[in-house]
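**Student:** This is the structure I have questions about; it appears just below.
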Amino acid sequence: PTPPTSSNQPPTADFDINAGKNKNFKELDASPSSDTYGSIVTYEWDTDNDGQYDDATGQTIQVKTKDVDTVSLRVTDNDGATDTISKTVS
């Protein structure tokens, strides 16, 4: 990846874990993520804890709680800068 220019600051990745449509699911909502100097263009999720952000994309996803322990989110801004965060889903 191209390093961000000096005028760009990386985005901040964050997500909320909410009750899903039923007790077996959780909704992960990345809307608390932010980018002061631009906009977030991709939300990539690692739900199987393999270090690859290839399990889901989008600002909001549903996960089956019995299949997930740690979830990671990577956000990328319009200048290519990234940030990641991991949380335990229980």
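The values are calculated or read from the model by the stated rules, or taken from the named source; none is laboratory data. These numbers were taken from a predicted model, which means no experiment stands behind them. Every residue, glycine among them, receives a Cβ derived from its backbone with ideal geometry; neighbour counts consider all protein chains shown. Side chains included, ligands, DNA and RNA excluded: accessible areas come from the protein's heavy atoms. Shrake-Rupley method; radii C 1.70, N 1.55, O 1.52, S 1.80 Å.
**Student:** Starting from residues that are without any contact (Cβ under 8 Å) to a residue 40 or more places away in the chain and open to solvent by less than 60 Å² (accessible area, probe 1.4 Å), keep the ones in segment 19-38 and report whichever is nearest to GLY80 (Cα to Cα).
**Tutor:** SER34
**Student:** Sticking with this structure for a sec: Determine if segment 3-18 includes at least one residue that is open to solvent by less than 70 Å² (accessible area, probe 1.4 Å), of a type in the set (A, V, I, L, M, F, W, C) and either touching a helix residue (DSSP H, G or I) at 6+ places or on another chain (Cβ under 7 Å) or not in a loop (DSSP other than H, G, I, E, B) (or both).
**Tutor:** Yes, segment 3-18 contains a residue that is open to solvent by less than 70 Å² (accessible area, probe 1.4 Å), of a type in the set (A, V, I, L, M, F, W, C) and either touching a helix residue (DSSP H, G or I) at 6+ places or on another chain (Cβ under 7 Å) or not in a loop (DSSP other than H, G, I, E, B) (or both).
**Student:** Now for a different question. Going by the structure shown, is TYR43 in a strand (DSSP E or B), within 10 Å of the chain's Cα centre (by Cα) and not charged (D, E, K, R)?
**Tutor:** yes
**Student:** Further question on the same structure: Being exposed (fewer than 12 other Cβ atoms within 10 Å of the Cβ) and either within 17 Å of PRO11 (Cβ to Cβ) or of a type in the set (Ser, Thr, Tyr) (or both) is the requirement here; does THR88 meet it?
**Tutor:** Answer is yes for this residue.
**Student:** Answer yes if at least one residue in segment 81-88 is part of a loop (DSSP other than H, G, I, E, B), touching a residue at least 40 places away in the same chain (Cβ under 8 Å) and over 13 Å from the mean Cα position of the chain (by Cα), and no otherwise.
**Tutor:** Yes: one or more hits.
**Student:** Let me ask another. Step by step: first the residues of segment 46-75, then only those that are surrounded by 14 or more Cβ atoms within 10 Å (Cβ to Cβ) and of a type in the set (Gly, Ala, Ser), then the one that is farthest from the chain's Cα centre (by Cα). Which residue is that?
**Tutor:** Of everything passing the filter in segment 46-75, ALA56 is farthest from the chain's Cα centre (by Cα).
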